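The values are calculated or read from the model by the stated rules, or taken from the named source; none is laboratory data. Just so you know, these numbers come straight off a predicted model, no measurement behind them. Here the Cβ positions follow ideal geometry from the backbone for every residue, glycine too, while neighbour counts run over all protein chains shown. Each accessible area value is taken on the protein alone, full model and side chains, heavy atoms only, with ligands, DNA and RNA left out. Shrake-Rupley method; radii C 1.70, N 1.55, O 1.52, S 1.80 Å.
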Amino acid sequence: MDVRIDPSWHTALADEWNKPYFADLANFVREQYRTTTVYPAAGNIFAAFDACPFDKVKVVIVGQDPYHEPGQAMGLSFAVPQGVRMPPSLVNIFKEIRSDTGVEPLPDGDLRRWASQGVLLLNATLTVEAHRAASHQGRGWENLTDAAIRALSEGRQGLVFMLWGSSAMRKGASIDRMHHLVLTSPHPSPLSAHRGFFGNHHFSRANDYLKARGLSPIDWR
C-alpha cells in the first residue's frame, strides 16, 4: 500500500515500527484492504501525521476512529472532504468556534487548513471497515497513537491537547500537565454536546495559551 507519513513522525515513532504488535497490525490492515472496503483510502491512513510534522504541532485534537460511510474519511479526525455534508459532531464544533471566537468557519469540513497551521487531528484508530463503526479498535492502532501522544508530551513543550469525551480523556492520561495545556470536555456529538462541549471555550483558550508563549494563534476558520 502506498502510505505517506512525514519523515519527522517516522523518526518520532521509530521504536514502534519493529514491535510485534505493529507487525500484526500491518498484516491485519493489508488483509482488510485486500478483502473488504476500508476507510480512509490506504494512502491517507497516516494523513494526520503527514499533514502536521512532529516539530510543527501546536494543538492536538483527539478523535476515536474514522468515519465509516462512503466519501467521508480523509485521515484527519472530525474532517470530511470538500463537498461532503458535515457530520453532526463537526457541525457542533463549528458552532462552538462561532460562539467562542466570533469567527465564521468556512462552509466545508476539510480541516487540512487547520493541520497546515499545526493542528494534529489524530484519531485513536486509523482505519475502519465500511459501515462498521469501531470495527478496527483493539487491533493495535491504539498502541501507535498512544506512542504518538507520549512522544509529543515528552519531546515537545507548550502544546495544547483537546480531549473531548471519556475515550479521548483516557487516551490523554500520559500527557505531562506541567508542560502542556490539557483541555477536556464532553464530546461534540449531539448526544453530549449540550452537557458541556458548548461553552467550553477551548478554541479561544488554546489561542490565548499559544499567544502567551509567543506563538501565532490558530485561525479556526
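Taking the chain as a Gaussian network of alpha-carbon nodes connected by springs under 10 Å, the highest mean-square fluctuation of the residues Trp141, Trp164, Trp17 belongs to Trp17. Its Cα centre serving as origin, the chain has a Cβ charge dipole (Lys and Arg +1, Asp and Glu -1) of approximately 420 debye.
Which option, (1) 1.02; (2) 0.97; (3) 0.94, is the value of Rg/Rh (Cα atoms, Kirkwood Rh) that was calculated from these coordinates? Answer label, from the structure shown: (3). Residues His194, His187, His180, His131 ordered from highest to lowest accessible area at a 1.4 Å probe: His194, His131, His187, His180. For the chain, modelled as a Gaussian network with Cα springs under 10 Å, which listed residue fluctuates most, Leu106, Leu121, Leu144? Judging by the Gaussian network model, the answer is Leu106.
Across segment 62-186, C-alpha contacts under 8 Å between residues 6 or more apart give a mean separation that, scaled by the residue count, equals a relative contact order of 26 percent.
Against the chain, whose longest principal axis is taken from its Cα atoms, helix 88-101 shows a tilt of about 30°.
Taking the dipole about the Cα centre of the chain, with the C-beta of Lys and Arg at +1 and of Asp and Glu at -1, give me whichever of His131, Ala212, Pro88 is farthest to the positive side. Result: Ala212.
Residues in segment 75-120 average 43 Å² of solvent-accessible surface per residue, probe 1.4 Å, ligands and nucleic acids excluded.
What residues of segment 103-145 lie in the reach of a label at Thr35, counting those whose backbone N is under 13 Å from a point 7 Å from the Cα along Cα→Cβ? The answer is none, because no backbone nitrogen lies closer than 13 Å to the label point.
In the chain, a dipole from Cβ-located charges (positive for Lys and Arg, negative for Asp and Glu) runs towards its positive end, and of Leu122, Ala42, Ala173 it is Ala173 whose Cα lies farthest in that direction.
Each Cα pair under 8 Å and six or more residues apart adds its sequence gap; the mean of these over the residue count of the chain is a relative contact order of 23 percent. Is segment 13-137 rounded, prolate or oblate when judged by the Cα gyration tensor, a ≥ b ≥ c being the square roots of its eigenvalues, rounded requiring a/c under 1.5 and prolate requiring a/b larger than b/c? Here segment 13-137 falls in the oblate category.
Its Cα centre serving as origin, segment 75-124 has a Cβ charge dipole (Lys and Arg +1, Asp and Glu -1) of approximately 80 debye. Taking trypsin sites (Lys or Arg not before Pro) across segment 154-184, the ones in a DSSP loop with at most 13 further Cβ atoms lying within 10 angstrom of their Cβ are Arg177.
Assuming charge only on the beta carbon of Lys and Arg (+1) and of Asp and Glu (-1), the dipole of segment 1-120 about its Cα centre is about 160 debye to the nearest 20. If you build a Gaussian network model of the chain, linking Cα atoms that sit under 10 Å apart, which residue out of Ala151, Ala51, Ala173 swings the most? In this elastic network of the chain, the residue with the biggest mean-square fluctuation among Ala151, Ala51, Ala173 is Ala173. Which angle from 0 to 90°, rounded to the nearest 10, does the C-alpha axis of helix 20-35 make with the longest principal axis of the chain? Computed tilt is about 80 degrees.
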